[in-house]
Amino acid sequence: MSVLRSRDNPRVRRWHALAHDGRARREARCTLIEGAHLVSSYLDSGALPRALLVSESGAGRPEIAALVRRAALAPVMLPDALFRWVADAVTPAGLAAEIGIVRPDPALAQSRHAVFLDGIQDAGNVGTLLRSAAAFGADAAVLGRGCADAWSPKVLRAAMGGHFALRVAEVPDLPAALAEFGGKLVCADAAGGADPATLDLTGRLGWIFGAEGRGVSEAAATRAALRASIPLAQGAESLNVAAAAAILFYERARQLSTAGARA
């Protein structure tokens, strides 16, 4: 195990940039994931990190030692203060990994359950939405212009490993991606759409979610065959977009389960 102690070390500076600078991530096509859960989820996907970083205080923790053994990669140890400088988390967990960013063709023509995000800027919402999408069996997530960086540490933490169960793509032209999908598209609206329980959400389906306040852009919304709005209590204005997405995903899962029971 090597030990690095200086901020001036090129590798240390690179890791700091990957954690804090979106441009550095795009140019290197790499990012930094932090914490035992994310590293474990990444290893579960069958991929291997490019580098493992451990803090001096984290090196002796059994869960971190076990993940280091799984990765079969000699880690780099950093003093706690230097690890905190590198990491994005307020309270770093003592383990991080550099991973390559896979920018796949989302293969929308073959996707059965896709999620399209239109200008959702909040990193927590994007990550939580990706986490729910993965949990309910989505196979692709497409982020249009104006969305939070899908591979930023904040999005990665909120998604809790969801990235590694989805094909995640960031595209410059979301309406074109919607047209490529070719399946049934449902636009999530705060109001004015149909109760999702009355819609047929089975089969090949794509969801379109927009930023809170602005909603889905007209260019994206016109691609949708259906519009869905979740019924709320009188006086309630709207739901957080990530919470709304989870409810809609559940309704689709309920319909699929019911259809299977009747088959």
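The values are calculated or read from the model by the stated rules, or taken from the named source; none is laboratory data. Values in this document were obtained by computation on a predicted structure and should not be read as measured data. Don't worry about glycine lacking a Cβ; one is built from the backbone with ideal geometry, like all the others, and counts go over all protein chains shown.
Quick look at the values:
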| quantity | calculated |
| --- | --- |
| Residue within region 7-25 that is of a type in the set (Lys, Arg), assigned by TED's automatic domain parsing to the domain that holds residue 76, crowded, with 20+ Cβ neighbours inside 10 Å and more than 17 Å from residue 82 (Cα to Cα) present | yes |
| Residue that is farthest from the chain's Cα centre (by Cα) [pool: residues in region 202-236 that are more than 23 Å from residue 144 (Cα to Cα) and in contact (Cβ under 8 Å) with a residue 12 or more places away in the chain] | 231 |
| Test for residue 92: is it at pLDDT below 95, buried (at least 19 other Cβ atoms within 10 Å of the Cβ), not assigned by TED's automatic domain parsing to the domain that holds residue 59 and not hydrophobic (A, V, I, L, M, F, W, C) | no |
| Failed condition for residue 47, given (1) among the small types (Gly, Ala, Ser); (2) part of a helix (DSSP H, G or I); (3) under 25 Å from residue 147 (Cβ atoms) | (2) |
